[in-house]
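> Okay, here's the structure, questions in a sec.
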Amino acid sequence: MITSIPIDKKEILKHYKTIAVDAHKGIQGHVLIIGGSYGKIGAVCLSSKAALKTGCGLVTAFVPKCGYEIVQIAVPEVMVLTDVKKKCISNISFNLQPNAIGIGPGIGQNEVTQKAFLKFLKTNTIPLVIDADALNILSQNKAWFILFPSRSILTPHPKELERLIGEWTSEEEKFEKAISFSLQYNVIIVMKGAPTHIIDGETIYKNTTGNPALATAGSGDVLTGIITSFLAQAYEPIQAAILGVYLHGLTADIALPKTGFQSFIASDIIDNLGEAFLSLEKQK
């Protein structure tokens with residue numbers, strides 16, 4: 001029997017902080033989103049915009065050269081750095097000091113990208129959210145797990161989780177393996193699904209928001225941006241994960257009467273974040 005703490009409004013209000021009246025962009029956190037490859041720059045656009053719409057002051061995207069104009073036009077509020085290569089990331093290099101980094105959306109699994117990711121993991125000490133193909137690269141190189149910064153947040157969907165922790169034959173075994181992985185590497189696992197669970201060592205949280213509308217392309221990229229944004233705003237990693245998962249699901253609950261299941265897309269998550277935050281403010 002799996003016992004879990006429900007992520008509901010009562011739990012959220014323990015963690016959620018209102019924005020200070022004297023806030024400015026310099027103290028609201030700086031997010032760096034690293035990702036994108038030829039044909040998958042949209043993932044970075046979604047993550048970057050979600051990070052901004054979740055309250056952080058500054059967002060920079062690090063993309064291959066082919067993504068420069070796309071990100072600048074799609075999300076004009078986001079700053080852009082580019083890799084030396086045109087179609088994929090080959091060397092992660094930046095001269096800024098972000099408060100949190102989200103890596104993986106649209107990044108692909110090119111061999112030079114894998115080498116760049118390893119080099120990055122060896123030197124990076126900044127709080128990290130790892131998603132998508134960054135997780136798939138890790139699952140092929142399990143010796144790299146020891147390079148996670150303490151309290152990194154991993155956001156796998158079921159297939160990505162299986163590649164990381166191995167196959168399971170029951171729900172109980174899945175949770176046992178995830179708990180063991182979390183304890184061994186001191187990471188938080190956001191197990192995306194219906195419902196989403198968060199594994200923090202032996203503590204399990206179960207989300208109470210969301211619906212099948214979230215099963216759409218780019219939904220995970222948006223979640224990465226949301227969680228990374230909270231991390232950059234000085235929330236503890238577990239708080240960032242809890243708040244991110246709850247608000248992500250809440251946007252779909254808010255939007256459903258207007259969009260229905262079929263017409264809901266990842267951009268609708270971003271568009272409904274404002275209303276989701278307002279519902280928390282009312283409670284606060």
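> Keeping to the range 44-75, report how many residues are of a type in the set (A, V, I, L, M) and closer than 15 Å to Gly104 by Cβ.
Qualifying residue count for the region: 6.
> Moving on to the next point. Can you find even one residue in the range 131-149 that is of a type in the set (Phe, Trp, Tyr), surrounded by fewer than 21 Cβ atoms within 10 Å (Cβ to Cβ) and within 23 Å of Gln97 (Cβ to Cβ)?
yes
> Right, here's the next one. Is the range 173-190 home to any residue that is among the hydrophobic types (A, V, I, L, M, F, W, C), over 20 Å from Ile7 (Cα atoms) and surrounded by fewer than 17 Cβ atoms within 10 Å (Cβ to Cβ)?
Within the range 173-190, one or more residues are among the hydrophobic types (A, V, I, L, M, F, W, C), over 20 Å from Ile7 (Cα atoms) and surrounded by fewer than 17 Cβ atoms within 10 Å (Cβ to Cβ).
> Same structure, new question: When you go through Ser4, Ser48 one by one, which is the residue that is in contact with a Gly (Cβ under 9 Å, 6 or more places away or on another chain), at pLDDT 95 or above, closer than 26 Å to Arg151 by Cα and of a type in the set (Gly, Ala, Ser)?
Ser48
> For the range 105-124, which positions are surrounded by 14 or more Cβ atoms within 10 Å (Cβ to Cβ), among the polar types (S, T, N, Q) and closer than 15 Å to Pro149 by Cβ?
Asn124
> Right, another one. Under 7 Å by Cβ, and 6 or more places apart or on different chains, what pairs join a residue from the range 115-138 that is more than 17 Å from His30 (Cβ to Cβ) with one that is assigned to a helix (DSSP H, G or I) and of a type in the set (S, T, N, Q)?
What qualifies is Asp131/Thr224; Ile137/Gln114.
The values are calculated or read from the model by the stated rules, or taken from the named source; none is laboratory data. Worth saying up front: this structure is predicted, and the values here are computed from it rather than measured. Virtual Cβ from ideal backbone geometry, glycine too; neighbours counted across all protein chains shown.
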